[in-house]
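Structure record follows, encoded as structure tokens.
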Amino acid sequence: MNCCGEEHKKEEVHKGHECKECKGNHSHHEHGHEHGGHGHEGHGHHEGHGHEGHSHGHHMAGESAARDFLKRFWIVTFLLIPLFIFTEKGLKILGLPDFAWRKYVQFFFASWIFYYALVFFEHAKHEIKAKSYGMMTLVSLAVGAGYLFSAASTFLPALKGVEFYLEISTLVWVLLFGHYLEAKSSQAAGDALSEVAKLLPKKAHKIIAKSEKRKAENLEYEDVEVEALQVGDYVLVKAGERVPADGVIVEGSAFVDESLITGESKPVEKNKGDEVVAGSICTDGQLVVKLTRVGEASTVGQIKNLVAQAAQTKPKAQRIADKASSILTFVALGTALATVVVWSFIIGKPFVFSLTLAITVLVIACPHALGLAIPTVSTIATSLAVKHGFFIKDMSKIEVVKDIDWVLFDKTGTLTEGKFEVVKFLPRTVSERSEGSGAGPNPKRLLGVAASLEKGSTHPIAVAIIEKAKEEGVKFFKVEKFRSIAGKGVEGVIEGKRYFLGSVNFAKSALKLDKKVKEELEEYVKEGKTTVVLFDEREVLAIILLGDKIKEDSYKAVEGLHELGVKVAMLTGDNWAVAKEVAKELGIDTFFAEVSPEDKYKAVKSLQEGKEYFGKKSQKSPEPDQRSVQGKVMMVGDGINDAPALTQADVGVAIGSGTDVAVSAGDIVLTRSNPKDIVALIKLSRAVYQKMIENLFWALGYNIIAIPAAAGAFMPWGVRLRPEWAAILMSLSSVIVVINALRLKRFRA
């Protein structure tokens, strides 16, 4: 039996009630390429390689387990009220008289609660079968022994009516809520997979007549479910629609937004013969696509399986509480048995006397405080985390975060703004002179012309040019005979003269370029700079270079991480030269450029394993100071393409403003999209871990004296720890851990 309800082919039940996630592996390799855009150079292709794999319904299983624990928790909460009322103390508080049948009423409610605690016994059975004795084994012993002894004392007068009903029931209540939180956090991988699935449209326009020669607007098609598509089918993709599967364009040209797949903000110019990937959006024009990979073999399908594979191989930190419980289980059980043997068979005391002492040992060793030690700190840590700009989805990652060796940032949208800005505006003509001066080109007029041609467009590059024009306070012109040329750029008439704004290819096809200007443009493209050209019917008037702006907080984040002794790495789908420039600017230790989703997954693994992996073999070798050092890796990203890497990393941190799948795949979510919060996260993790250790000391430390005392070791000196005092001492340890946890609220990053 396993808790996810799946047939495990390769993995045995791990840690009793925890199952290793069984997920498959698919790889996908995308060519890193120069991204074109609305009027700038770029093209690329995508090459996918399907691999065998499988994935299971862990999301549903985790959700079902969480609901079950929450349901049990609320029922036990309801039952605890009458159980407390019918204790001797409860009746005194309410001013009610005691009555003879009170203990039988308690037995009734406690038995009901015990029924809802049987889930722990099931998990304990898994632990025992797997020979991995932990908290569930000890909890079951304590709950079972405490309940049975209390029941026996209710019906056997010889035991003098000692009951632990309330203490045992409260323990059940605490543990049910703790397991609800644990089950809730296990849904992350399943959520990530469901978000990937949302990338594909529900239906596709399947062309009835498979003709490559007919124009897109005249084609006959029928709407079919995406699942019904097959390799070799032809589909029509209209403006604003998603591509349903990977394929090759056989008719039409358009700009295609691949940001959800590549993570890069620039739409890519696509023409006949170019490949398109599932999930990408046709922003303008219409495309006829011949499908080459569908379903699980498509890009989205492969990313989905990469997330599943990463979840399977993801390193899991061993819970400190489980380690302590495992030791405590044997200590408590051994001491309880020894107590019965020594007092009954060696000293010769009555069996009821020795059994009372043995039960006292199990009660005092019961991890009531241990059940609160970590969750109490976790609750406060979660509150503090939100105040500092992040949400921790899996608190077990805290002990990993504190020892992190590498923080691996995705560049676009994480270290950078993820939007374009005009880096340079370079006039290249003398025909557009300053009014009345004749003293050379008028940059402001040229910028005004470019911005006027883009006015009204919501394209990222158009927005950047318009914003630059507004910053410079330039004059906007009235544009006549405006025309948008799909995949190339725009044109229009201003003050009687025709102007064009678009990609380097657009300029090359429209003009016979001067050799010097041509070489200059080619150099910009080679360096990976986003290049837009403004020209008329005779010559190039200006070259506009755009770049992705680095966030101010990125500088502070890298500096802060270095102060904490943490190395910083960066990965990006951008050109090697662009990546190197950003890495140098920020003082980053190493970087991975021109990476696809599979490359990002491999980049994380290379840092974890200390291997030298830097993307494509065609790239030049890294410099000596970029050698990889083995260690624990925290991955910070915001795109769909980051999901496999986020899941593979020892700790995945998703940017909250990014795509939903990345947020789902991450263990921690940055709510403010501020890389500087990573520094606060590591500082908080170290403070929280310290509190966890202190709480575990308080939760377990008293057992060094309490367990021998409960076993009667101090009776020769007149000290005997009765069962009711054991229960009080156990409760006192719980109060101590709560008070200690509250001190964490003083934390300041």
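When residues in the stretch 668-686 are screened for being crowded, with 20+ Cβ neighbours inside 10 Å and not in a loop (DSSP other than H, G, I, E, B), 11 of them pass.
From the residues in the stretch 499-557 that are hydroxyl-bearing (Ser, Thr, Tyr) and in a helix (DSSP H, G or I), which one is farthest from Lys584 (Cα to Cα)? Checking each candidate, the answer is Ser509. Any chance you could count how many residues in the stretch 628-661 are within 13 Å of Thr414 (Cα to Cα) and modelled with pLDDT of 85 or more? So the count comes out to 3. Just one of the listed residues (Thr572, Thr590) is touching a helix residue (DSSP H, G or I) at 6+ places or on another chain (Cβ under 9 Å) and either without any contact (Cβ under 8 Å) to a residue 40 or more places away in the chain or outside the structural domain of Gly631 (by TED's automatic domain parsing) (or both), namely Thr590. Here Phe482, Phe477 are screened, and the one residue that is among the hydrophobic types (A, V, I, L, M, F, W, C), under 14 Å from Ser452 (Cα atoms), in a strand (DSSP E or B) and free of Cβ contacts under 8 Å to residues at least 40 places away in the same chain is Phe482. Scanning the stretch 485-497 for residues that are without any contact (Cβ under 8 Å) to a residue 40 or more places away in the chain and assigned to a loop (DSSP other than H, G, I, E, B), we see that the one that is farthest from the chain's Cα centre (by Cα) is Gly496. Under the condition of being in a helix (DSSP H, G or I) and more than 16 Å from Thr414 (Cβ to Cβ), the residues counted in the stretch 560-579 number 4. Within the stretch 449-474, if we keep just the residues that are among the charged types (D, E, K, R) and touching a residue at least 40 places away in the same chain (Cβ under 8 Å), the residue that is surrounded by the most Cβ atoms within 10 Å (Cβ to Cβ) turns out to be Glu454.
Residues in the stretch 565-597 that are surrounded by fewer than 22 Cβ atoms within 10 Å (Cβ to Cβ) and either of a type in the set (Asp, Glu) or under 23 Å from the mean Cα position of the chain (by Cα) (or both): Val566, Lys567, Glu581, Glu585, Asp589. Of the set (1) in contact with a Pro (Cβ under 9 Å, 6 or more places away or on another chain); (2) modelled with pLDDT of 85 or more; (3) not in a loop (DSSP other than H, G, I, E, B), all apply to Gly247 but (1). Considering the stretch 690-723, the residues that are closer than 26 Å to Ala741 by Cβ, surrounded by fewer than 20 Cβ atoms within 10 Å (Cβ to Cβ) and modelled with pLDDT of 85 or more include one that is farthest from the chain's Cα centre (by Cα), namely Glu694.
The values are calculated or read from the model by the stated rules, or taken from the named source; none is laboratory data. Since this is a predicted model, take the numbers as computed values, not measurements. No Cβ is skipped: glycine too gets one built from the backbone with ideal geometry, and neighbour counts run over all protein chains shown.
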